[in-house]
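Asks: Below is one structure. I have some questions about it.
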Amino acid sequence: MRTLFLSILCLILSSCSFEYLTEIDNQDSSAPTAKDCGECHVDQYGEWQQTRHAQAFTSVEFKQQSAYYQDSGCLFCHVPGDVLDPERQPRQYNREEGITCVSCHLHDKAMQGPHESGGLISPHAVARNPMLDSKADSAQLCGTCHHETYEQWLDQQEITNNQYPTCLGCHGAPVKRSHTRGTNLFSRLLVSFEPEHEVRSHLLMLPGQLNPEAAPEVHLTQNQPEQIFFTLTNTLPHNLPTGSFGEKYIMVTARRIKDQTILATNTMSLLSILPPDQSVRLSLSLPLGTLSHTLEIDLKRLHRSTNTATLIRSYHFPAGDHAQTP
Ligand code: HEC
Ligand code: HEC
Ligand code: HEC
Ligand code: HEC
Ligand code: HEC
């Protein structure tokens, strides 16, 4: 909070400016880091740090696949300068930060965001921009890099007459907060003059964790002694799985559960892509004798390169609901 404290002091004394935050040229070695922004935007910084965006330059996979940064075409998206500039260039400074705060926010010497300036103090210029508003055109911003996914989303919006939320509407949790957070008595007092807004978190989530409605659907169709049959329907506005880079799979696991103890488990990976609105019929075998117990089906996103699986959603079928199906 040192910076906020100083900024307040400065503004009271009207003696110094914070131009270093907005007046950056691409060779600047003293350009503000995400951590500098985080001195005031404590929550946004903490969220961003946990995203893949923050690792877009330093990840082992990117290093290897870009031939240790030799392939300069990759840098327009993995270490971008001003994303809002149609002639964007890769950033020369703070490259280890990948897709960082200034990439998305700094344009025309002002911080572009979803709101007009509204606080008591403005250490830097602020401008409202619908491309930085999760309730407006923010999908277009995401689409400057997520080309394929964005095209799929646009197609679905057209078919359904704009029934789907924006990308952040599904991938960012709703939060209510002021832009900055006070961390001592003095800064808290000043922040209390800032209006609160309903916005989306910078933490990018797989939406099933936030809202079951925003996840694909699973329906049991038939149950035989050793096998369960079900359909998986892609209710998303993009492919399942989506993305142009890396090897990505959807993992489906069926589990029989009795008193929270797992009796049997079976997993498979889906190799082929399921486009929006399409279904696939699947089956998994589970041993005899476990039929009359609760069934859980987990849908996970598997990243081969990092060997991590992230839960999209768990589907719960209580014993009584399905045990009798012929
Ligand atoms: C000294 C504290 C401080 C620092 C450092 C700071 N900001 Fe801010 N920021 C603020 C305050 C206060 C506001 C609200 C200003 C207003 O309403 O006029 C704000 C507003 C914003 C907004 C506008 C949000 C909206 O809803 O429209 C964005 C975007 C933003 N800052 C990004 C950044 C970025 C990126 C950095 C780092 C390069 C940064 N800020 C550094 C204090 C700070
Ligand atoms: C400047 C290019 C760029 C922009 C703009 C951008 N992304 Fe990304 N995004 C990437 C890259 C590159 C990755 C992969 C990074 C990696 O895995 O190393 C990524 C990864 C992701 C992921 C996977 C996250 C994870 O943790 O597995 C999601 C979800 C995502 N972006 C959503 C969004 C949304 C929503 C927006 C718009 C608000 C957005 N992105 C804007 C380039 C961008
Ligand atoms: C991939 C692009 C992207 C990156 C990177 C990014 N932001 Fe944002 N930011 C957005 C979008 C889009 C919104 C609008 C969210 C909304 O309307 O709900 C936003 C909103 C904001 C706001 C105003 C709303 C709020 O959450 O209070 C601030 C302040 C802000 N960002 C600061 C930062 C800081 C600081 C960083 C770096 C630590 C950062 N952003 C990184 C895209 C980005
Ligand atoms: C209706 C909710 C919804 C909307 C709207 C949506 N997504 Fe998704 N997205 C999901 C779900 C659920 C998953 C997990 C399944 C998967 O991986 O395909 C996902 C997965 C992803 C992934 C893969 C994440 C990873 O771990 O690698 C990316 C990238 C992504 N979405 C980007 C976007 C972008 C960009 C947009 C806007 C153009 C968008 N999404 C709009 C629900 C949504
Ligand atoms: C147009 C923007 C763009 C360009 C150019 C680009 N990428 Fe990406 N990259 C993305 C986005 C968006 C993601 C995350 C979602 C996806 O897979 O589409 C990503 C994800 C990745 C990932 C993570 C894959 C994983 O396992 O999740 C790697 C590695 C990668 N890119 C390597 C590269 C390399 C190497 C190049 C240059 C040959 C490159 N990218 C060029 C936008 C871009």
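The values are calculated or read from the model by the stated rules, or taken from the named source; none is laboratory data. Please read these numbers as outputs of a predicted model, since none were measured by experiment. Backbone-built Cβ (ideal geometry, glycine too); neighbour counts: all protein chains shown. Protein only, heavy atoms only, side chains kept; ligands, DNA and RNA dropped before computing areas. Shrake-Rupley method; radii C 1.70, N 1.55, O 1.52, S 1.80 Å.
Asks: Any residue that is closer than 29 Å to Pro80 by Cβ, open to solvent by 70 Å² or more (accessible area, probe 1.4 Å), in a loop (DSSP other than H, G, I, E, B) and free of Cβ contacts under 8 Å to residues at least 60 places away in the same chain - is there at least one of those in region 155-167?
Replies: Scanning region 155-167 turns up at least one residue that is closer than 29 Å to Pro80 by Cβ, open to solvent by 70 Å² or more (accessible area, probe 1.4 Å), in a loop (DSSP other than H, G, I, E, B) and free of Cβ contacts under 8 Å to residues at least 60 places away in the same chain.
Asks: How many residues are farther than 14 Å from Cys37 by Cβ and part of a loop (DSSP other than H, G, I, E, B) if we restrict to region 96-124?
Replies: 12
Asks: Can you tell me how many residues in region 227-252 are more than 10 Å from ligand 5 (Cβ to nearest atom), within 14 Å of Ser272 (Cα to Cα) and touching a His at 6+ places or on another chain (Cβ under 8 Å)?
Replies: Matching residues across region 227-252 total 1.
Asks: Restricting the search to region 275-322, which residues are in contact with a Pro (Cβ under 8 Å, 6 or more places away or on another chain) and either in a helix (DSSP H, G or I) or under 13 Å from Phe230 (Cβ atoms) (or both)?
Replies: Leu299
Asks: Is there any pair linking a residue in region 280-304 that is within 26 Å of Leu204 (Cβ to Cβ) to one that is in a loop (DSSP other than H, G, I, E, B) and not small (Gly, Ala, Ser), with Cβ under 7 Å and at least six apart or on different chains, and which?
Replies: Short answer, once both residue conditions are applied: Leu299/Pro216; Arg301/Leu206; Arg301/Pro241; Arg304/Glu247.
Asks: I would also like to ask the following. If a residue has to be of a type in the set (Asp, Glu) and at pLDDT 90 or above to count, how many in region 242-297 make the cut?
Replies: 2
Asks: Which ones in region 217-256 are of a type in the set (Val, Ile, Thr) and either touching a helix residue (DSSP H, G or I) at 6+ places or on another chain (Cβ under 9 Å) or open to solvent by 70 Å² or more (accessible area, probe 1.4 Å) (or both)?
Replies: Those that are of a type in the set (Val, Ile, Thr) and either touching a helix residue (DSSP H, G or I) at 6+ places or on another chain (Cβ under 9 Å) or open to solvent by 70 Å² or more (accessible area, probe 1.4 Å) (or both): Ile228, Thr235, Thr242.
Asks: Considering region 197-216 alone, what residues qualify as being exposed (fewer than 15 other Cβ atoms within 10 Å of the Cβ) and part of a strand (DSSP E or B)?
Replies: Hits for region 197-216 are His197, Glu198.
Asks: Please verify whether Tyr93 is more than 10 Å from ligand 2 (Cβ to nearest atom), in the same structural domain as Ala54 (by TED's automatic domain parsing) and either surrounded by 19 or more Cβ atoms within 10 Å (Cβ to Cβ) or within 22 Å of Val175 (Cβ to Cβ) (or both), treating the condition exactly as stated.
Replies: Considered against the rule, which asks whether it is more than 10 Å from ligand 2 (Cβ to nearest atom), in the same structural domain as Ala54 (by TED's automatic domain parsing) and either surrounded by 19 or more Cβ atoms within 10 Å (Cβ to Cβ) or within 22 Å of Val175 (Cβ to Cβ) (or both), Tyr93 comes out as yes.
Asks: Follow-up question, since we're still on this one. Test Phe193 against the stated conditions and say whether it is open to solvent by 30 Å² or more (accessible area, probe 1.4 Å), in a helix (DSSP H, G or I), within 16 Å of ligand 1 (Cβ to nearest atom) and in contact (Cβ under 8 Å) with a residue 24 or more places away in the chain.
Replies: Criteria not met by Phe193.
Asks: Out of region 173-183, which residues are open to solvent by less than 50 Å² (accessible area, probe 1.4 Å) and over 20 Å from Cys37 (Cα atoms)?
Replies: Once the filter is applied, which keeps residues that are open to solvent by less than 50 Å² (accessible area, probe 1.4 Å) and over 20 Å from Cys37 (Cα atoms), region 173-183 yields only Ala173.
Asks: Out of the residues in region 121-155 that are farther than 28 Å from Tyr20 by Cβ and either among the acidic types (Asp, Glu) or not assigned by TED's automatic domain parsing to the domain that holds Gly73 (or both), which is farthest from ligand 3 (Cβ to nearest atom)?
Replies: Among them, the one singled out is Asp155.
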